[in-house]
Amino acid sequence: MYYISQITDTLRVPPSRFDEDLKSILLELARESLEERIFPEIGFIVAVLEAEEVGKGRLIPQESGAFYPCVFKVLCFKPERNEIVQGRVIEVVDFGVFIQVSTVECLCHKSQMGDDYFIYKDSENALIGRDTGKRVGIGDIIRGRVAVVGMQKNAMRVGITTRQPGLGKMEWIEEWKHELQEKREEEIEA
């Protein structure tokens, strides 16, 4: 899920930039230091949107720059358990697939792909269902439910499942919808 949040930081402005617009400099410095970082409390910072508050600058002895406390508005991505997400398969391995969801790579273990047993076929770089023949490969669009989220300072681990009806590869979802519609029509006729 995406959030707009606030983050407070103190940034050093080098003397060579004292004559420039302070908010613009601080915004640039914040983007360099905060974007694409993970904070367990707020998630992955996608973008620093604006400098909302800038405090008084301080000079520190034997330091050439000035330090400014600031509050920034940031756009964050933090997946939540049971959230429905959608992404593209970017890697297939013998134990599952990695799916790019926003800025995060999520793992869907082959045991979480569906009611079939999926086998990795190296020659096709795909997972193939033993009984159904369903195939998952690079570039496929997958819809899944977030089952596990783990965040550390420099990594976010997300596990998803597609075992419920209405989840999985987009073709599977369309087949499920079609079967559901046929079942409803049969019930109406009966």
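The values are calculated or read from the model by the stated rules, or taken from the named source; none is laboratory data. If you're wondering where the values come from, they're calculated on a predicted model, not measured in any experiment. Every residue, glycine as well, gets a Cβ built from its backbone with ideal geometry; the counts of neighbours run over all protein chains shown.
Before moving on, here are some points about what is shown:
- Which listed residue, of ALA147, ALA126, ALA155, is exposed (fewer than 12 other Cβ atoms within 10 Å of the Cβ) and among the aliphatic types (A, V, I, L, M): ALA155
- Figure legend. Inter-residue proximity from region 123-140: first residues outside the structural domain of ARG88 (by TED's automatic domain parsing) and in a loop (DSSP other than H, G, I, E, B), second residues exposed (fewer than 15 other Cβ atoms within 10 Å of the Cβ) and hydroxyl-bearing (Ser, Thr, Tyr), beta-carbon distance below 8 Å, spacing 6+ or different chains. No pairs are indicated.
- Candidates ILE128, ILE138, filtered to the one that is within 30 Å of PHE39 (Cα to Cα) and modelled with pLDDT of 90 or more: ILE138
- Selection from region 158-177 of residues that are surrounded by 14 or more Cβ atoms within 10 Å (Cβ to Cβ) and over 19 Å from the mean Cα position of the chain (by Cα): ARG163, TRP172, ILE173, TRP176
- Candidates are the residues of region 60-80 that are free of Cβ contacts under 8 Å to residues at least 60 places away in the same chain and part of a loop (DSSP other than H, G, I, E, B); the one that is surrounded by the most Cβ atoms within 10 Å (Cβ to Cβ) is GLY65.
- When ALA51 is tested against (1) under 23 Å from SER5 (Cβ atoms); (2) in contact (Cβ under 8 Å) with a residue 40 or more places away in the chain; (3) over 13 Å from the mean Cα position of the chain (by Cα); (4) in a strand (DSSP E or B), only condition (2) is not met.
- Of the listed requirements (1) surrounded by fewer than 17 Cβ atoms within 10 Å (Cβ to Cβ); (2) modelled with pLDDT of 95 or more; (3) not assigned by TED's automatic domain parsing to the domain that holds THR162, ILE90 misses just one: (3).
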